[in-house]
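Note sheet for the following structure.
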4 protein chains.
Amino acid sequence: MEKPTKRIRNFASDNNSGICPEAWESLERANQGHSPAYGFDTYTEAAHAAVQDVFATNCQVFFTFTGSAANSTAVAHLCRTYEFVICHDSAHLALGECGGPEFFSGGSKVVSIPGPQGQLDRTGILTAYEARHGDFQFPAARAVSLTQATEMGTVYSLEKLKEVSDLCHELGIWVHMDGARLANALVHLECDPADTTWRAGVDVLSFGGTKNGLANGEAVIFFNHELADGFQYRWKQSGQVASKMRFLSAPWTGFLNSGAWLRNARHANRCASRLETGLKPLEDIKLAYPRHANSVFVQLPSEVEKGLRMKGWSFTTMPNGTVRFTCSWDTQDVDVENLISDFCELTKIGGNKPT
Amino acid sequence: MEKPTKRIRNFASDNNSGICPEAWESLERANQGHSPAYGFDTYTEAAHAAVQDVFATNCQVFFTFTGSAANSTAVAHLCRTYEFVICHDSAHLALGECGGPEFFSGGSKVVSIPGPQGQLDRTGILTAYEARHGDFQFPAARAVSLTQATEMGTVYSLEKLKEVSDLCHELGIWVHMDGARLANALVHLECDPADTTWRAGVDVLSFGGTKNGLANGEAVIFFNHELADGFQYRWKQSGQVASKMRFLSAPWTGFLNSGAWLRNARHANRCASRLETGLKPLEDIKLAYPRHANSVFVQLPSEVEKGLRMKGWSFTTMPNGTVRFTCSWDTQDVDVENLISDFCELTKIGGNKPT
Amino acid sequence: MEKPTKRIRNFASDNNSGICPEAWESLERANQGHSPAYGFDTYTEAAHAAVQDVFATNCQVFFTFTGSAANSTAVAHLCRTYEFVICHDSAHLALGECGGPEFFSGGSKVVSIPGPQGQLDRTGILTAYEARHGDFQFPAARAVSLTQATEMGTVYSLEKLKEVSDLCHELGIWVHMDGARLANALVHLECDPADTTWRAGVDVLSFGGTKNGLANGEAVIFFNHELADGFQYRWKQSGQVASKMRFLSAPWTGFLNSGAWLRNARHANRCASRLETGLKPLEDIKLAYPRHANSVFVQLPSEVEKGLRMKGWSFTTMPNGTVRFTCSWDTQDVDVENLISDFCELTKIGGNKPT
Amino acid sequence: MEKPTKRIRNFASDNNSGICPEAWESLERANQGHSPAYGFDTYTEAAHAAVQDVFATNCQVFFTFTGSAANSTAVAHLCRTYEFVICHDSAHLALGECGGPEFFSGGSKVVSIPGPQGQLDRTGILTAYEARHGDFQFPAARAVSLTQATEMGTVYSLEKLKEVSDLCHELGIWVHMDGARLANALVHLECDPADTTWRAGVDVLSFGGTKNGLANGEAVIFFNHELADGFQYRWKQSGQVASKMRFLSAPWTGFLNSGAWLRNARHANRCASRLETGLKPLEDIKLAYPRHANSVFVQLPSEVEKGLRMKGWSFTTMPNGTVRFTCSWDTQDVDVENLISDFCELTKIGGNKPT
């Protein structure tokens, strides 16, 4: 181990990162004296205001501890037990919550369908909607869940989002967005947060903070106020209401108001972009999808994959065999350069490359 | 407001308190570099070890964010939908989780029964068990949940715990303990943590940290290993698995290993004891239950209650009209003395008391 | 056993009775040739029309196999998991469905409250509604379930029904009626079916046929059409949609159109009335509640109870010790006379009574 | 409509048929006098014995009203909310219960996979089992459900059943059989009922009677007694316990003891076989799968499909475009001959055929 400082930050997931300074500072400031419990405190009030400022609307905000909880409680609130939600077959909703949406909803089906680059399109949704429409032997469609940025590192364009949500509303079904990496999508789109959410027809959003610099922080955000009816009860019943709420809510204030959330995302996207640029010339390495957000997906020879792991890198091998490298707010340039350098060394081109 | 510093810490609940220094320090130390997600990190390993040390046994530990989640997932794991759990009619399980146990279990009944000083006894349990035993028109008993310390500020003696759990095991039903304030019970009993839990027949424990100095930290602890089977899936499905687990687990390490958890509880109990002593002589004030832990319950004239609120104190009026004053790890002696002094001023004896 | 033909029909429950001739005839007629499945057949169409005629309104009708299913699916459709239904503490909903309402709703609480003669009143409902209103640590009230006739053999007056349902609608909660013995209530009230249901403010009815002469036949009836939205899916998901629907639906046609359902109920009530008259003079026997419908509840010495059982009678001892004798559509006058005669023989007055 | 008597029995489904004489006779005999409720009657006792005789073992028998209920409650009893059941992607469990298995289990996933001729095989099951095995972000496999006869009209051989169930038991997961058309499979296999169920490794069976001559009659049968633990409560909670149980149970006695159930199935299979033989020579008609049971699946030109419907025939067009013709216990030879004749008339060969 001659180079021990080399792979100290890994590329397995952005949830391997720590708490960013702006969130930490807010947390520290909130740890003063006594404060009312269950969210009736000034820190939480300020955090709600910060979220409403970000989305430039009077949305209803419910902080949760995990993305699984945000997604599952949102779906449960939209769908009754005999209704289904449509999502992409790579969606966390289908693959990463251990059946949380089915559990919290009491049995709603999660109907997952394919679509290019991790994205749903009108045809796919319409087909799933119509397949058994009106036949009570199969549940009825009630919602669509879009992941922005997607699980394949791409980002829905505003046009596509609008197209999809228009279809949903014509069909009378709701639009949920899993925004675990919404910030990464925003900096790619260079648009306002409102543009990619409620202005694009999103009714309910799971807004992610954890992967982007918070300790444990997500939020269910209702842009459609009617849909929020009763959600405070569901939220409590689901074990997601912090008694010492300030420690869950306060970090959002510094995180959002300081602009850290966008800076963090921009940094992570930039690192991924640099990685993409570095890998492109390598003969044996194939980029699997266009890179929009903070992850690079590649197809690579198994000996390269093995070699990287032996050099101490961690990353994620997906079910379909592609390999994902995810950058975080705290990934450093040196990490990316070291990774690229090891890639070069391990591939044919790299082998030929003078050092 | 001539005395603005007087009522800065309130007595409404121990969850109005902050994060204690030992927990904070562990949190800070955990916020270094990258760490694997979902609990496969060294901080979590250390926290598990700390819990196992405390209970002097190789128990299985699952950290959760809230006590509602700990109680609800534990009950759901013990009971099938057609089975019921017996608890005291003051129990958080029945009154404070917004139906979480019924929800997480998919419909199990929470059968709440009376009992002196917030405690279940053999007779009550046996009656509830036998009432419809063997009649499939009513669910079957499967578990008993004991709250230690109780919601009335009392503490089960080791003898009573043993008596109750022996009965349960004779009947073939499980013993769950809601230990949101277990530390306060322990310092009252002056016994080992093992004595009031697994040695007393407890199968599953909800172990509370939040009220005693953590930010958001509870744990479901299985002393009975067979019962833990599959719980990691339930835990994930329930939205309680932190992706950045270290920030949930690490604080436990400093909190437990330093002994802070017992010091905090001892301090809170001592404050409550001082308050009890201060209120006892007051003619119009009646102590509702013996004080064992960190809360004092009193019956008091409504004008005194009103007067205290006007002086800026916060406290909790229970459904039965008694009033609860709860001390925390960060309650200061001056808070208690100021409260006693205001009490004196507002009561007859106080009114007569020379200043 | 000198009189073996004496106790051939028992008084344990009206569900010990058989299928009445009018229902049987319809069943037999439906068993001809082929018919479309799942309710798209002419027999079911006719049965719907028969129900709508009875209630003189265009209600929505869903036939179910059991009263447990009718009650549980109705409650599940009215309440979300974090809402509760209020019922009398003698209600089948609370005591006789093995937790079905909690199960089908995915965790809704059944809040059962006392009330004179098996009936809820405004005060009781208001108290249950207000107890925790607006506090998200406890579920929110969403529905009230009234049992007509009650489990204590009494019948709500139209005035009382109206009073209660007016309160519910002021509070914004729904009115469900468990009408397992609605026919018995109707013949007591001598009113139109509409009067004691939708005209009295009932939103959803569980309409019972089984106890009154069908094989297995209940119906969930929505007078409030909006509430029925999606119920056909819930009904199917709940395993209550007969593939050969005609055999569930057809018997209703003869049963209702012939007037048998009211004749049957009138006969059962008359038998109970005769029994009441026969028992009234007996010194040791105390009528527990006024008799309105087809059951007589008495308090009686344990040696009389024992004596009756030894003579071969069956009846039901309630949890509170009262004893219920229930008459059916097929109870015969001789059964009642024989029972009275045995009562007389076993009681002091009876002992003295010249034969 | 010169031939009005021609298409009086249709081929849409075997659930379009009526009640067979042997079942009717038992029903009629059960409608005598009074009988204890909830299954504590002699008719039900006899029906249990009849089922146990059929399977030549002391199995536990629970009668249900529908196949949806039998399948859904069985799955719910085998799987906890975070476990999944594997079935064929044509299975009723996945497509025909409106999400009943997910609902009754409180969220268990139904993982449906492809397989030739409607049958699961070892490879498919193993792949589904291993895909995420040990990863708590996805539910764990707990059961496999096999449909015998399959939804494509084929029948698992005893060897294949054994192979599959051996694999399941090696993996530690349970084997459920959806036997809605078990009788049709049995007469094809010409084996004992025990051979294709418990002797072939089936733990729990949904045993169908409705499609084969009962009014509404299915049964959940536990060959594995441990798995039945508590099922009587689930059965009641699920709204499947008839109060007048004799009318659900009694028809089974005549149906089974008389041998009608096998005669009915043999007749239906024979009709299907005749239909198959009649269609084979037709040039434009292609048999989609080998015919083992009582259904014939064909691919046919849309004008032929249209023509048949115009002639008054009803049958079922499957999602994949194949067309199913199902024979029943009460299909008559003339129905089959008429259908074949119309087919001939509508196809080229038929068109050329001299009349």
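The values are calculated or read from the model by the stated rules, or taken from the named source; none is laboratory data. This is a predicted model, so every value here is computed, not measured. Glycine gets a Cβ as well: all are built from the backbone with ideal geometry, and neighbour counts include every protein chain shown. Quick note on the areas: whole protein, heavy atoms, side chains included, nothing else; ligands and nucleic acids left out. Shrake-Rupley method; radii C 1.70, N 1.55, O 1.52, S 1.80 Å.
Expressed per residue, the C-alpha convex hull volume of the stretch C:148-229 stands at 92 Å³. Net charge dipole, the stretch A:41-122: roughly 260 debye, given to the nearest 20, about the Cα centre with Cβ charges of +1 for Lys and Arg and -1 for Asp and Glu.
The stretch D:12-93: D in µm²/s via Stokes-Einstein (Kirkwood Rh, Cα pairs, 10 °C, 1.306 mPa s)?
99 µm²/s
Computed from the C-beta positions of A:ASN320 and B:ASP333, the FRET efficiency with R₀ = 60 Å rounds to 0.40. The calculated pair-distance distribution of the stretch D:246-355 uses every alpha carbon pair, bins of 5 angstrom beginning at 0, and gives 2, 11, 20, 22, 16, 10, 7, 6, 4, 2, 0, 0 percent. Note on the stretch A:230-286: Kirkwood hydrodynamic radius from all Cα pairs is 15.0 Å, rounded to one decimal. Taking all Cα pairs closer than 8 Å and separated by 6 or more residues, the relative contact order of the stretch A:1-103 comes to 17 percent. Around the Cα centre of the protein assembly as shown, unit charges on the Cβ atoms of Lys, Arg, Asp and Glu (plus for the first two, minus for the last two) sum to a dipole of about 0 debye.
For the stretch C:70-198, the convex hull spanned by the alpha carbon atoms encloses 93 Å³ per residue. D:GLU45 to B:ASP229: FRET efficiency via 1/(1 + (r/R0)^6), r the Cβ-Cβ distance, R0 51 Å, to the nearest 0.05? Approximately 0.90, to the nearest 0.05. Could you work out how far the C-alpha centroid of the stretch B:243-318 sits from that of the stretch A:53-124, in angstrom? Centre-to-centre distance over Cα atoms comes out at 41 Å. Take the Cα of B:ARG29, step 7 Å along the line toward its Cβ, and report every residue of the stretch B:253-269 whose backbone nitrogen sits under 13 Å from that point. Once the point is set 7 Å along Cα→Cβ of B:ARG29, B:253-260 turn out to lie under 13 Å by backbone N, inside the stretch B:253-269. Counting Cβ atoms of other protein chains within 10 Å of each Cβ in C:24-37 and taking the mean gives 5. Normalised by the number of residues in the stretch C:209-355, the average gap of Cα pairs under 8 Å and 6 or more apart makes the relative contact order 23 percent. Compared with the rule-of-thumb size 2.2 N^0.38 Å for a compact globular protein, chain D has a Cα radius of gyration ratio of 1.02. Between the stretch A:7-49 and the stretch B:208-235, the alpha-carbon centres lie 23 Å apart. Over chain D, Cα pairs under 8 Å with separation of 6+ residues give a relative contact order of 25 percent.
Just checking the listed ones, C:LEU189, C:LEU120, C:LEU95: in the Gaussian network model of chain C with Cα springs under 10 Å, the one fluctuating most is C:LEU95. The Cα trace of the stretch B:201-252 gives Rg and Dmax of 12.0, 34 Å, the first to one decimal, the second as a whole number.
The figure for D:ASP195 is an accessible area of roughly 40 square angstrom, using a 1.4 Å probe on the protein chains alone. When chains C and D come together, the accessible area they lose, probed at 1.4 Å and totalled over both chains, is close to 4100 Å².
Counting only protein heavy atoms, what percent of the accessible surface of the protein assembly as shown is carbon or sulfur at a 1.4 Å probe?
Exposed carbon and sulfur together represent 51 percent of the surface.
When the stretch C:203-355 is described by a simple charge dipole with +1 on each Lys and Arg Cβ and -1 on each Asp and Glu Cβ, the residue from C:GLN332, C:ALA250, C:ALA228 located farthest towards its positive end is C:ALA250. Equivalent ellipsoid of the protein assembly as shown: semi-axes from √(5λ) of the C-alpha gyration tensor, largest first, are 54, 47, 27 Å.
Normalised by 2.2 N^0.38 Å, where N counts its residues, the alpha-carbon radius of gyration of the stretch D:194-316 equals 1.43.
DSSP assigns beta bridges within chain B; of those with both partners inside it, close to 50 percent run antiparallel. Relative to its residue count, the stretch B:116-272 spans a Cα convex hull of 132 Å³ per residue.
Count the net charge of all other residues whose Cβ sits under 11 Å from the Cβ of D:GLN148, scoring Lys and Arg as +1 and Asp and Glu as -1. Net charge in that neighbourhood comes out at 0. Over 27 Å between Cα atoms, which of D:LYS280/D:LYS306; A:LYS311/B:LYS244; C:LYS160/C:LYS211; D:LYS211/D:LYS244; B:LYS109/C:LYS311 qualify? Over 27 Å Cα-Cα: B:LYS109/C:LYS311.
Computed log10 I(q)/I(0) for the stretch C:286-329 at 0.16, 0.19, 0.20, 0.26 Å⁻¹: -0.41, -0.58, -0.64, -1.00, from the Debye equation with unit scatterers placed on every C-alpha and solvent omitted.
By the equivalent-ellipsoid construction on the alpha carbon gyration tensor, the stretch A:68-124 comes out with semi-axes of 20, 12, 8 Å, ordered largest to smallest. Comparing A:ALA37, A:ALA70, A:ALA185 in a Gaussian network model of chain A (Cα springs below 10 Å), the most mobile by mean-square fluctuation is A:ALA37. Residues in chain C average 34 Å² of solvent-accessible surface per residue, probe 1.4 Å, ligands and nucleic acids excluded. Of the residues B:CYS59, B:SER26, B:PRO193, the one whose Cα sits farthest towards the positive end of the charge dipole of chain B is B:SER26 (charges of +1 on Lys and Arg Cβ, -1 on Asp and Glu Cβ, taken about the Cα centre).
In a reduced charge model with +1 at each Lys and Arg Cβ and -1 at each Asp and Glu Cβ, chain A shows a dipole moment near 740 debye about its Cα centre.
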